Amino acid sequence: MPVVLYGPAYSTYTRTARLALEEKGTAYDLREVDTLAGDGQKAEHLARHPWGKVPVLEHDGFSLYETVAIARYVDEAFPGPALQPAGAKRRARMAQVCAVLDHYGWSPMVITVFVQRVVVPMRGGTPDAGVIDEAMPRCGRVLAAIEGLMDGQEFLIGSDLSLADLHLVPILDYFARTEDGRAMLSRHPRLSTWWEHIEQRPSVAKTRPNLG
Ligand SMILES: N[C@@H](CCC(=O)N[C@@H](CS)C(=O)NCC(=O)O)C(=O)O
């Protein structure tokens, strides 16, 4: 049965789900739901997601929302390399990194710094320096925490790619498109090295949003 993923290519969470599908080698049909244009709140999409958000995955009569659940389903339902480490401690670390990003990272790094520095000027506006200044220390705390959780190997958790990496890629990509973000990333050497390596992966290149 074909996999259908609803969400726009510019969405960070949709990109995490796509990265999981790409890394597994699972074919999927990406169906654009332009949440910025209000498509998420249309009845058709609210029937898939009670909050009108993206992504939503459909497979074999099964419909699923929430990115962590989707990424885990993709890993467990399809063949391909495992995207979750073996062992209780490493799996818990992976879940911890995803939760840190969801609860403390995404909002200041993407919704504040990236949107203010990149999206607002694209639409002819002026970034609000006050909200950026307020958000930057919160971004710093997230980068320091994740760097502190890394165990010195190539990926965030150990020597294999995991869902933790796929959760961070879209968020860090947008954050690093800002000068403030790049400067902060450069002060975190292990994360900087991780970013230089992971940026080269075909799945990351293929899903990179082109904002024009
Ligand atoms: N907890 C959700 C968050 C999803 C989310 O916030 N997606 C954003 C796009 S990256 C969205 O749908 N925004 C539109 C809106 O909030 O109306 C998940 O993990 O899937």
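Each Lys or Arg adds one and each Asp or Glu takes one away; over the other residues whose Cβ falls under 14 Å from the Cβ of residue 77, this sums to -3. If both residues of a DSSP beta bridge must be in the stretch 3-77, then about 65% of such bridges are antiparallel. Take every Cα pair under 8 Å whose residues are at least 6 apart in sequence, average their separation, divide by the length of the stretch 1-87, and the relative contact order is 35 percent. Residue-wise HN-Hα couplings along the stretch 154-162, as the Karplus relation 6.51 cos²θ - 1.76 cosθ + 1.60 with θ = phi - 60° gives them from phi, are 5, 9, 4, 10, x, 9, 10, 4, 9 Hz; Gly and Pro carry x.
Each 10 Å bin from zero up to the one holding the largest Cα-Cα distance in the stretch 1-146 carries the following percent of pairs: 11, 33, 34, 19, 3.
Note on the stretch 88-205: Kirkwood radius taken over Cα pairs, Stokes-Einstein applied at 4 °C and 1.567 mPa s, translational D equal to 89 µm² s⁻¹. What distance in nm separates the two pseudo spin-label positions at residue 4 and residue 199, each 7 Å out from Cα along the beta-carbon direction? Distance between label points: 3.7 nm.
By the rule of a C-alpha distance below 15 Å, with chain neighbours fewer than 8 residues away ignored, the aspartates and glutamates paired with residue 42 are 32, 34.
Going by neighbour counts of Cβ atoms within 10 Å, the residues 118, 113 line up, fewest first, as 118, 113.
Any lysines with Cα under 18 Å of the residue 206 Cα? List them, leaving off those in the same chain fewer than 8 positions away. Residue 206 reaches 24. The ellipsoid that matches the Cα gyration tensor of the stretch 141-212 has semi-axes, each √(5λ) in whole angstrom, of 19, 16, 9, with the longest given first.
Working value for the stretch 3-77: equivalent-ellipsoid semi-axes of 19, 13, 10 Å, each the square root of 5 times a Cα gyration tensor eigenvalue, largest first.
Around residue 180, under 14 Å between beta carbons, what's the net of Lys plus Arg minus Asp minus Glu among the other residues? Write out the running numbers ahead of the final one.
Numbers: positive: 117, 138, 177, 182, 187; negative: 128, 133, 134, 179.
My count for the surroundings of residue 180 gives +1.
Remark: spin-label model distance residue 37-residue 92 equals 4.6 nm, labels positioned 7 Å along the Cα→Cβ axis.
Read the figures in this text as sums done on the coordinates, not as results from a lab. All of these numbers come straight from a predicted model, not from anything done at the bench. Heads up, the Cβs are rebuilt from the backbone with ideal geometry, glycines too, and the neighbour counts pull from every protein chain shown.
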